[in-house]
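*Asks:* Quick one: the structure is below, questions incoming.
The values are calculated or read from the model by the stated rules, or taken from the named source; none is laboratory data. This is a predicted model, so every value here is computed, not measured. Counting neighbours? That spans all protein chains shown, and the Cβs are built from the backbone with ideal geometry, glycine included.
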Amino acid sequence: MVYSQNIKIEQNLGILNKENKTITIPYYFDEPTGKSRFFYEYDVRLFYTQDNKATIIGPMTKVEGDIGMGVVGGNPRRIIWSYNAENPKFDGQNVIFKIEADVHKMVFGGPGNALFSLLLPGLGDHRVNYHPTWRWRWVLQPVLIGGLVGTGFALRNQADNLYDEYGQARNPDEAESLYTQANTTLTLSSSIIIAAGVLWIADISYVFLRGLRNQVKKRQHIEKRSRISPDFETVIFDYNPNLQHGRIGLRFKF
């Protein structure tokens, strides 16, 4: 099953190789079309049933090809299952294969997105990262940094008022107390404003470095998508993840 409303698995006819005791299951991902900033990778698993889905067996472990973690879409993919190594008693009667895949959505924004964080803290973060659980988490950064800056300047204003009161004080003890309070408040104000600046610079630097890393990962992703797995059948069968089973039954004579 593919955990996305917009992505399906299109599964082809299986190819039996009696000599090598393998079955090749070609498939490809029917991904959303059109321009998008998102890229997809999949964790793919293979199952089968021989009793009309009453019992689902798997995931298979004696497999190779486009299966496991980090599988990408693009060109057609294939899974090669060594059925005899997995289960010597497998007879292939009434077998129906089922491919499941967990979807990982990614963004590969480049280092130029650091300019967005220069304008507003956190704004570049969601352009170089994808947070599936809370897409608006980047908002916490401008709230935090803005809160620190606001607090820092409020304390600075309070320190200025204390210095004014110190200048007007007639009692030496009162004047000394006001002067100490003003210095302490000013130091705290400066520390908070500096902390806000450090956090802002750290966010800009992170987005820039993450963007550089994304450029490398994007090239690797595109290269993986362009790889071709040969030896496919041409007939395409629909795999409906909502029904949680394939619509093809492969009957082999072993």
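*Asks:* Search region 158-177 for residues that are farther than 22 Å from residue 192 by Cβ and pair each with any residue that is outside any helix (DSSP H, G or I) and among the aliphatic types (A, V, I, L, M) when their beta-carbon atoms are under 9 Å apart and the residues are at least 6 apart or on different chains.
*Replies:* Once the first residue is farther than 22 Å from residue 192 by Cβ and sits in region 158-177, its partners that are outside any helix (DSSP H, G or I) and among the aliphatic types (A, V, I, L, M) give 175/169; 176/169; 177/169.
*Asks:* Which of the residues belonging to region 199-215 are of a type in the set (A, V, I, L, M, F, W, C), under 16 Å from residue 140 (Cα atoms) and either surrounded by fewer than 19 Cβ atoms within 10 Å (Cβ to Cβ) or over 19 Å from the mean Cα position of the chain (by Cα) (or both)?
*Replies:* Matches in region 199-215: 199, 200, 201, 202, 204.
*Asks:* On to the next question. Please work out which one of (1) modelled with pLDDT of 95 or more; (2) in contact with a helix residue (DSSP H, G or I) (Cβ under 6 Å, 6 or more places away or on another chain) is the condition residue 165 fails and give its number.
*Replies:* Unmet for residue 165, out of (1) modelled with pLDDT of 95 or more; (2) in contact with a helix residue (DSSP H, G or I) (Cβ under 6 Å, 6 or more places away or on another chain): (1).
*Asks:* Would you be able to say whether some residue in region 81-101 is closer than 26 Å to residue 222 by Cα and in contact with an Asp or Glu (Cβ under 6 Å, 6 or more places away or on another chain)?
*Replies:* Looking through region 81-101, none of the residues is closer than 26 Å to residue 222 by Cα and in contact with an Asp or Glu (Cβ under 6 Å, 6 or more places away or on another chain).
*Asks:* Take the residues in region 168-181 that are under 24 Å from residue 191 (Cα atoms), surrounded by 15 or more Cβ atoms within 10 Å (Cβ to Cβ) and not hydroxyl-bearing (Ser, Thr, Tyr); name whichever of them is modelled with the highest pLDDT.
*Replies:* Result: 181.
Matching residues to (1) part of a strand (DSSP E or B); (2) at pLDDT 90 or above:
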{"position": "25", "(1), (2)": "yes, no"}
{"position": "28", "(1), (2)": "yes, no"}
{"position": "36", "(1), (2)": "no, no"}
{"position": "47", "(1), (2)": "yes, yes"}
{"position": "70", "(1), (2)": "yes, no"}
{"position": "74", "(1), (2)": "no, no"}
{"position": "84", "(1), (2)": "no, yes"}
{"position": "96", "(1), (2)": "yes, no"}
{"position": "101", "(1), (2)": "yes, no"}
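*Asks:* On to the next question. May I ask you to list the residues in region 46-64 that are within 30 Å of residue 219 (Cα to Cα) and buried (at least 20 other Cβ atoms within 10 Å of the Cβ)?
*Replies:* 46, 63, listed by residue number.
*Asks:* How many residues does region 50-68 hold that are touching a residue at least 60 places away in the same chain (Cβ under 8 Å) and in a strand (DSSP E or B)?
*Replies:* Residues flagged as touching a residue at least 60 places away in the same chain (Cβ under 8 Å) and in a strand (DSSP E or B) within region 50-68 amount to 1.
*Asks:* With respect to residue 154, is the statement that it is at pLDDT 90 or above and either of a type in the set (D, E, K, R) or over 30 Å from residue 125 (Cα atoms) (or both) true?
*Replies:* no
*Asks:* Take residue 144 and tell me if it is over 30 Å from residue 36 (Cα atoms), out of contact with any His (no Cβ under 8 Å at 6 or more places or on another chain), of a type outside the set (Lys, Arg) and modelled with pLDDT of 90 or more.
*Replies:* Here the answer is yes, as residue 144 does meet what is asked.
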